[in-house]
1. Within region 175-189, does at least one residue satisfy the condition of being in the same structural domain as residue 15 (by TED's automatic domain parsing), more than 17 Å from residue 83 (Cβ to Cβ), in contact (Cβ under 8 Å) with a residue 40 or more places away in the chain and acidic (Asp, Glu)?
2. Determine which member of the set 64, 7 is within 23 Å of residue 157 (Cβ to Cβ) and surrounded by fewer than 24 Cβ atoms within 10 Å (Cβ to Cβ).
3. Within region 45-55, work out how many residues are surrounded by fewer than 24 Cβ atoms within 10 Å (Cβ to Cβ) and either over 19 Å from residue 209 (Cβ atoms) or assigned by TED's automatic domain parsing to the domain that holds residue 246 (or both).
4. Does residue 71 meet the test of being crowded, with 23+ Cβ neighbours inside 10 Å, without any contact (Cβ under 8 Å) to a residue 24 or more places away in the chain and within 22 Å of residue 109 (Cα to Cα)?
5. Could you figure out which of (1) at pLDDT below 65; (2) crowded, with 18+ Cβ neighbours inside 10 Å; (3) within 30 Å of residue 88 (Cα to Cα); (4) in contact with a Lys or Arg (Cβ under 9 Å, 6 or more places away or on another chain) isn't true of residue 219?
6. For the subset of region 471-484 comprising residues that are at pLDDT below 85 and on the phi > 0 side of the Ramachandran plot, which member is surrounded by the most Cβ atoms within 10 Å (Cβ to Cβ)?
7. Considering each of 481, 473 in turn, give the residue that is in contact (Cβ under 8 Å) with a residue 40 or more places away in the chain and outside the structural domain of residue 365 (by TED's automatic domain parsing).
8. Identify the single condition in (1) surrounded by fewer than 24 Cβ atoms within 10 Å (Cβ to Cβ); (2) touching a strand residue (DSSP E or B) at 6+ places or on another chain (Cβ under 8 Å); (3) at pLDDT below 95 that residue 104 does not satisfy, given that it satisfies every other one.
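The values are calculated or read from the model by the stated rules, or taken from the named source; none is laboratory data. None of the values given here were measured: they were computed from a predicted structure. Backbone-built Cβ (ideal geometry, glycine too); neighbour counts: all protein chains shown.
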Amino acid sequence: MAIEYIDPSTLKKMFVSGAKYLESQKAYVDKLNVFPVPDGDTGTNMSLTILSAAKEVNNTDCNDMKVVAKAISSGSLRGARGNSGVILSQLLRGFAKVIAEHDKIDTLILAKSFQKGVETAYRAVMKPKEGTILTVARETAERAAMLAIDSNDIEFVIRESIDYAKEVLQKTPDMLDVLKQAGVVDAGGQGLLFIFEGAYKSLIAGEELDFDVVSSFIDSTDEVDSSNLAKISTEDIKFGYCTEFIINVNDPETTEEDSLVFRNYLETIGDSIVVAGYDDIIKTHVHTNDPGLAIQKALELGELVNLKIDNMRQQHTSKVVSQQDSNVSDDIKRTQQEQPIERKQVGFVAVSIGDGLKDIFKSLGVDYIIQGGQTMNPSTEDVLNAINQVNADNVFVLPNNKNIILAAKQASELCEDKKVVVIPSKSIPQGISAMISYEHESDVEDNIKNMEDSMSYVSTGQLTFAVRDTSIDEKQIKEGDILGIGNDKILTVEKELDVAAKELVEQLVKDDSELVIVYYGRDVEENVADDFGKYIEDKFEDCDVEVHYGGQPLYYYILSVE
């Protein structure tokens, strides 16, 4: 018997099951990343993105299509991590926009929603590449549209569309030579296929499926690292209650001015304030001594959901909040930041990992460091929360990783009360160079040009290790080999770190190079790094050489050549 439509209850089960199936397969997707480095994280980023949406869907009691659609859209938007996660959030955003207009989804509506998702995602990417998740999504949507013309059987259309998506995925190596060389299909396309398959399995089973996933809905914002909190006296906590909730606004005509009035009120009763609007919801966070006042004011705008109040003084005293840094949400770490008393003209946010690199950025004037980078891409909401912690009219954001730029730009579009400038730094050296070139006497537009120009003179090198056997650019790589990466290409493959480091720097330094900076990671001894710096000085006498402790994990050295 044909399944002719999907109702909201069924959609919720399908969506959560799709998220869980990707979660169960994320390690496999991570391994499909072309570069065999220890930070291949497409599966992880996509999984965290859709799990953020799935958690909101899972917490939605109402079986109303518009409510479910809003949960899918807003949850994925805020939880988006990395380029793959941002693209997925845009696919889901377009999908949700169409289904929100209907009580049930038939084959034609399903096809239209897929197509809208593809249109939205393509618009979000400045230079779309074929052979990626975008190709798989687009061609799957096109096939679904063709099938929907002749069939009203939802199960048939989804099954056939998935089968076609598999065919498209297998063709991605023919579209991108780098995939063919590595012998893999596109990781993002594979992740999307897993979502489709999990949702389809749920449709057939008629229930939400688990796929043996443990703790799929752990909220990384529920716990924090207590190592630094232990150093803070409870008397230093001015406002004792961390209060968070989401307002489902009653009046669709609620304006940005209404949100600003609400924010201004919160500033009279607390600090660490986040008031971020997404369509018809307002995400709110405030530290206050009277949560009831914040709640009472919020109720004037609409209904409250996801209400959470934590006694920070009690948490500090008992030290019951602890978690590995890799799972700590930076918007909770903001409790460790001091808010400037007076609003500044300009502030800075940077993404970085490693205590040495953090100190360097701080010394250059960065107000807020988001812990993350190669191994841990912050979400759109993480970046937005960081922006909101900088008390300035203009905030410069330095992603320092090409996989974080889209999330940073998405966050900048959601910020309502300040001008946000995303400087598209693709590496730590580019970010540091941009900060050094900032001129306090110049205006924002001139500084944008100065900072972006300075990055163009920087070549970045990185040394890490291979996590699997593969072949790239005719280089045969074995698991455990030391890889020298320069400007997004693997330039050298060696068995020994010192050999690979010397080969890499020799390829990066040019006749007109003037400065080489070495940032050594937490797994490199200081004397070893100093010896490497001495080698560079002797080899390139016309270059100034600096050696600094970066403390970054997984990457033995980060090199900056200017």
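1. No - not one qualifying residue is present in region 175-189.
2. Just a single option satisfies the conditions, and that option is 7.
3. Residues flagged as surrounded by fewer than 24 Cβ atoms within 10 Å (Cβ to Cβ) and either over 19 Å from residue 209 (Cβ atoms) or assigned by TED's automatic domain parsing to the domain that holds residue 246 (or both) within region 45-55 amount to 1.
4. Yes.
5. So the condition that residue 219 fails would be (2).
6. 473
7. 473
8. It fails just one condition, (3).
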